Amino acid sequence: MPELAELKFTADYVNQVSEGITFTKVEKNPVHKCDDLYIPFVKFKIKAKSKGKEMVLYFLDNHSDQFVTVRITMGMSGHFKLTHTGQELKHSHLKFYSDADTTLSFVDVRRFGKWKQGLAWSDGRGPDPTTEYDEFWKNVMTNLTKLKKPLFEMLMDQKYFNGIGNYLRAEIIFRAGDVDPFLPAGMQFARYPKLLDLCRDIPLLAYAKGGGSIKDWDNPFGDEAIQERFMLCYGNGEMSKRKDRNGRTFWYDKKWDNVPTSRDDLGEYLSNTRRSQYASN
């Protein structure tokens, strides 16, 4: 699934290929369940901005200061592609036609991507750790008592970690070193505040490297996937893996293999861990 870095790239791509182009029409694929888009302008420009795992498209009237917005989530495979009109890719579910004989399409093979007109960012998502770090830091550190799930589970909660997904959580935890991913997140952030820096720095590194191209997503600029050059943990056969409570595969350092998986055993593990920590202090 496209994560924070991939959404940044998608917004960059839309802004770059739409620069200087005037659009005149939008068309929705009838097979998609989302509503049709209504753009009340004869001619308009398109701009994009990302935040976490969401992107907002701005449709700006050519003849006034008016604009309308559409919020888009990419799902598992969503991306945008500019082509010559008539050469749109299969599985294009939104098509924005220009007066330059080109079409900007939202392509989504698996059809999990969604859009909603007239809205900005979702209320249930937290600040973007790369662009709103101070707000992100405050949102986490003032709610430590609420972060009771294990760290590896909590990093997927978009209320606090907007934009962090499966591959980013693996890389953040792995690069944190001796931070136990199976202990409660609030405890770990209190003891290792550097984790918050990694929640900013690893997505920025992924962005700088061209994105963590994964199974159903490729860099929209056509750059070669860089997973083997950037990812140290996710998808690495030398690492261990287990399913989280939502069935997603979590990749982690084998040194944590002794951590129990059942709730009862985990409770005993936590007690023993706390006792050993106190004994060492």
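The values are calculated or read from the model by the stated rules, or taken from the named source; none is laboratory data. Remember, it's a predicted structure, so these values are computed and weren't measured experimentally. FYI the Cβ positions are ideal-geometry reconstructions off the backbone, even for glycines, and counts take in every protein chain you see.
Every residue, every condition in (1) within 21 Å of the chain's Cα centre (by Cα); (2) buried (at least 21 other Cβ atoms within 10 Å of the Cβ), yes or no:
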position	(1), (2)
Leu7	yes, yes
Gly20	no, no
Phe44	no, yes
Met76	yes, no
Lys95	no, no
Review point. Do we find that Thr102 is among the β-branched types (Val, Ile, Thr) and touching a helix residue (DSSP H, G or I) at 6+ places or on another chain (Cβ under 9 Å) in this structure?
Key: yes
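For a quick check of your reading: which strands (runs of 3 or more DSSP E) sit entirely within the range 1-83 and have at least 3 residues that are among the charged types (D, E, K, R), closer than 30 Å to Met156 by Cα and in contact (Cβ under 8 Å) with a residue 24 or more places away in the chain?
Details: elements: 23-28, 44-51, 54-61, 67-73.
The qualifying strands (runs of 3 or more DSSP E) are 44-51.
Within the range 224-253, count every residue that is assigned to a helix (DSSP H, G or I) and at pLDDT 95 or above. Break it down stepwise before answering.
Pass one, the range 224-253, residues assigned to a helix (DSSP H, G or I): 227-230.
Filter once more, keeping what is at pLDDT 95 or above: none.
Going through the range 224-253 one residue at a time, the tally reaches 0.
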Exercise for review: Determine whether the range 122-136 contains at least one residue that is more than 18 Å from the chain's Cα centre (by Cα) and under 30 Å from Asn29 (Cα atoms).
Suggested key: no
